[in-house]
Amino acid sequence: MKMSRISHKIHLTFTSLSAVGMLSGLATTTAMADVQIGEVANTQISIYGILDAGILYQDKVTTDGDRKLGVETSGRTPTILGFKGARTLDNGWNAFFNLEAHFDLDTGMFHGSGDAEKEADDGSGRTLFRRQANVGLSGDWGTAIIGRQYGSAILAHLATEPRGFKEQFSNTYAWAYSQLFTTVNDAAGDAGRNANNDVGFFFKNAVQYRHNLAGVDFGILYSFGGQEGSTSEGDVISVGAAYTAGPLTLSGSYQNMRDQQTSEDLVTSWATGAAYNIADWTLKVHFMNTENKDATGAEVLDVDALGLGVDWGWSPKNSATVAYYINEDKAPATSAETRSLVVSNDYSLSESTILYAQMAYVDADDMGVVSRFATSVVANPAPVNEKTTLVNVGLNYAF
């Protein structure tokens with residue numbers, strides 16, 4: 001498949017995703033009440049959610065300098081609705097389930113997923129429980145989860161990414177768009193495909209083991225390829241760990257996805273990060289690399305993404321963040337780089353309600369569609385060869 005065709009298909013898929021909607025709800029909102037709504041057959045059933053919407057202004061949407069002002073869903077966190085259940089077993093273990101949907105508050109529609117096209121079970125792109133649909137067991141030995149779920153890699157970095165993988169203006173999108181490539185290709189094509197991957201965050205057909213030992217919180221996820229005659233075609237492995245000791249947190253991860261026809265490595269990514277807390281300040285640094293290849297071994301992406309940031313709790317109700325991102329795709333003959341400065345403030349109206357304001361200044365080199373998305377810190381990337389300012393003010397309501 002020629003790169004022009006790949007770029008066109010990726011562009012269409014990116015456009016349909018709009019705001020990817022990742023883990024920022026778990027990483028940055030502490031007010032998910034997890035309210036018990038009933039008990040059935042000794043299972044305690046809970047409901048929770050986050051509603052997020054605001055106004056977004058962008059001074060340049062195209063290279064012609066067109067501006068845009070409108071309602072933006074999920075500026076700080078994704079808008080989600082979730083159900084969970086838990087039951088205590090006779091042996092001291094616990095059984096549980098998680099069902100978590102993602103939708104857009106501005107339209108009320110389910111949010112499009114990053115699942116592979118032309119799949120019989122989710123070809124509409126409107127997966128009901130896009131974020132979680134799983135069941136599991138837990139005990140002193142750890143936690144085992146089966147079903148659609150978050151990857152172990154991304155979970156390792158929630159405390160070390162400069163903006164905690166907030167929905168907008170963070171490396172949520174560099175992570176997601178650089179790993180979406182495997183789901184936008186024809187199953188019978190020669191460009192490579194892994195149908196278990198949803199933008200490197202969510203994986204279906206997966207089993208995960210999680211535990212915390214001596215301050216190390218770690219997880220190992222394996223997503224079965226499910227292909228006849230092979231135990232490796234189309235599989236995914238995701239490993240991540242975070243170590244916390246006093247004010248210091250260190251994180252690391254590795255993730256690999258293989259082609260469902262040839263078993264060739266399609267996406268290989270690794271990341272490391274650190275955070276250090278000093279009184280009301282938290283310093284963060286995070287680096288990740290993602291390499292994409294097609295089924296023939298040809299390089300498609302080689303993205304280095306570096307983020308530096310500082311959080312400052314300057315009053316009991318206010319928390320400000322300054323972050324700087326340098327994201328570079330080294331795959332093209334002439335490497336392309338996007339540099340982004342982000343300033344934000346969260347004001348807590350209550351434990352479960354946050355009024356936020358955030359601004360991003362983006363300076364993008366001249367680059368192709370693939371690089372443009374893979375180096376972006378916003379859902380709809382800023383135009384290339386331009387300096388673009390985006391301002392977003394919104395309300396985040398958790399229950």
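The values are calculated or read from the model by the stated rules, or taken from the named source; none is laboratory data. This is a predicted model, so every value here is computed, not measured. Ideal geometry is used to build each Cβ from the backbone, glycine not excepted, and the neighbour counts take in all protein chains shown. Ligands, DNA and RNA are excluded from the accessible area calculation, which covers all protein heavy atoms including side chains. Shrake-Rupley method; radii C 1.70, N 1.55, O 1.52, S 1.80 Å.
For the stretch 219-277, the square roots of the Cα gyration tensor eigenvalues, ordered a ≥ b ≥ c, give a/c of at least 1.5 with a/b greater than b/c, which places it in the prolate category. Using θ = phi - 60° in the Karplus curve 6.51 cos²θ - 1.76 cosθ + 1.60, the 3J(HN,Hα) couplings for the stretch 48-59 round to 8, x, 9, 10, 9, 7, x, 10, 10, 10, 10, 6 Hz; x is entered for Gly and Pro. Here the gap between Val135 and Ala245, fully extended at 0.36 nm per residue and compared with their Cα-Cα distance, gives a gain of 36.5 nm. Given R0 = 35 Å, the distance between the Cβ atoms of Val322 and Ser352 translates into a calculated FRET efficiency of 0.85.
Cα centroid separation, the stretch 251-297 to the stretch 68-115: 24 Å.
The stretch 126-151 and the stretch 351-399 have Cα centres separated by 30 Å.
Charge dipole of the stretch 263-399 (Cα centre as origin; +1 on each Lys and Arg Cβ, -1 on each Asp and Glu Cβ, all else neutral): 520 debye, rounded to the nearest 20. Available extension along the chain between Ile146 and Met359 is 72.8 nm, counting 0.36 nm per residue and deducting the alpha carbon span. Here the 3J(HN,Hα) profile of the stretch 380-397, calculated from phi with Karplus coefficients 6.51, -1.76 and 1.60 at θ = phi - 60°, is 9, x, 5, x, 6, 6, 9, 10, 10, 10, 10, 10, 9, 10, x, 10, 10, 10 Hz, Gly and Pro shown as x.
Each label was represented as a point 7 Å from its Cα along the Cα-to-Cβ direction; for Ile220 and Val310 these points are 4.0 nm apart. Heavy atoms of the protein chains alone define the surface here; on that basis the stretch 182-264 has 39 Å² accessible area per residue at 1.4 Å probe size.
Estimated from helices alone, the mean residue ellipticity of the chain at 222 nm is -2500 deg cm²/dmol (sum of -39500 (n - 2.57) over DSSP H runs with n ≥ 4, per residue).
Note on the stretch 213-243 and the stretch 313-334: Cα centroid distance 28 Å, given to the nearest whole angstrom. Around Thr43, what is the net charge, scoring Lys/Arg as +1 and Asp/Glu as -1 over all other residues with Cβ under 14 Å from its Cβ? Charge balance near Thr43 sits at +1. Assuming charge only on the beta carbon of Lys and Arg (+1) and of Asp and Glu (-1), the dipole of the chain about its Cα centre is about 520 debye to the nearest 20.
Counting only protein heavy atoms and using a 1.4 Å probe, what share of the accessible area of the chain belongs to carbon plus sulfur, as a whole percent? With neighbouring chains kept in place, the figure for the chain is 59 percent.
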